[in-house]
Amino acid sequence: MAGKEHTLPKGYVVRGIFEVVQTLGAGAFGAVYMVEDKRKGKKLAMKVEPAGLQTPFMKLETYVLQRMQGMPHSLAFQAAGVQGENRYLIMQLAGENLSDLRKACPEGRITLSTTLRIVRQCTEALSRGTPKYASPNVHLNKEQGRHDDLYSTFYMLIEFYYGNLPWSRSGNFKQLAELKLAVRQRTLIGNLPKEIYAIHNELCKLKYEDVPDYDWFIQQYDNVMEMKGYSMEAPYDWEEGGEDYKHTVQQPQRQINPYQSQIEEQNDVIEENDPEN
C-alpha cells in the first residue's frame with residue numbers, strides 16, 4: 001500500500017560512516033540519497049527501501065551488483081544491509097539520466113555519433129528493461145533469451161536518434177504491444193545506415209536458444225562510426241565541446257537526478273503487485 005514519500009533527514013548516518021548529504025529522488029516505496037563516506041570524503045549514492053517491503057527489489061539488486069563487480073560498465077558496490085526500518089544499498093554515484101539528457105537536447109534527439117557510442121556500450125553491458133524497450137517476444141509471452149536484451153538496446157538506439165519510438169505514446173500495454181508487433185521496418189529505422197537494418201534483420205532471425213554473436217553487433221556499430229568519422233573519445237552531445245552542450249546547460253527545467261526515473265518505475269511495479277491495492 002502506498003504511503004507518504006520515503007525520506008531520511010540530512011545528516012542521517014548509516015553504519016557510522018555514510019552521512020546523508022541530499023535527496024536525489026524519493027517516492028512512496030523508496031528513495032536515493034547522495035551520501036558522503038566520512039572516512040574518505042567521497043560522495044556515493046545510497047538507495048533505501050522499507051525493510052519490510054513485500055517485494056524487496058533491493059535484495060536482488062544487491063546480489064546482481066555484487067556479482068557484477070569488476071565487469072565493465074558496472075557501478076562499484078560499497079555496502080548493503082539493514083538499519084532500523086530501512087534496507088540500504090550504497091554504490092558509486094552515477095552520472096545524469098540518459099533519458100533526461102536526451103529530452104534536454106533540441107527536439108529531444110541525440111546525434112548519431114553519441115547514440116552509437118551509447119548503444120555500443122549497452123551491447124557490452126546488457127540489462128533488463130521496461131515495457132517500452134522490451135523485445136516483441138515479451139508481448140507474445142515467449143520465453144526470453146539473450147537476444148531479447150539486444151532488442152532493448154536496439155529500441156534505445158531508435159529513441160535516442162529520433163526522439164521517440166512509434167509506440168511511445170501508447171496508452172496501455174496491450175496497445176503498445178499491437179503497435180510494436182505491427183510496425184514496418186522502414187517506419188522504425190527510417191534513414192539510418194544499412195548496418196542498422198542489418199542489425200534488425202539479425203535480431204528478427206534469432207531464437208530463444210541462440211547465443212548472439214555480440215562481437216558482430218558491436219562491429220556493425222563500429223563500421224558506422226568509422227564510415228562517419230566518429231570517435232569513441234569525442235565529447236557526448238551534452239558535454240563541453242559536444243554539439244548540444246550550450247543548449248542543454250541552459251535548460252531551466254532540466255532534471256539532473258539520475259535516479260528519479262528508476263524510482264518511479266519501481267514504484268509502479270510495486271503498486272501493481274501490492275495485494276492491498
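Just so you know, all these numbers are worked out from the coordinates, no wet-lab data involved. Everything quoted here is computed from the prediction, not taken from an experiment. Methodologically, a virtual Cβ is constructed for each residue, glycine included, from the backbone with ideal geometry; neighbour enumeration extends over all protein chains shown.
As a quick test, which of the pairs K205/K228; K59/K174; K103/K228 have an alpha carbon distance above 26 angstrom in this structure? Beyond 26 Å: K205/K228; K59/K174.
Electrostatic tally near F18: other residues with Cβ closer than 9 Å to its Cβ, Lys and Arg +1, Asp and Glu -1, net -1. Model label sites at E226 and N201, defined 7 Å from Cα along the beta-carbon direction, differ in position by 1.9 nm.
Residue ranges 39-45, 59-65, 216-222 sort as 216-222, 59-65, 39-45 when ordered by packing (mean number of other C-beta atoms within 10 Å per residue, highest first). Computing FRET efficiency as 1/(1 + (r/R0)^6) for R39 and N172, where r is the C-beta to C-beta distance and R0 is 51 Å, gives about 0.55. Separation of segment 6-51 and segment 181-234, taken as the distance between their Cα centroids, equals 40 angstrom.
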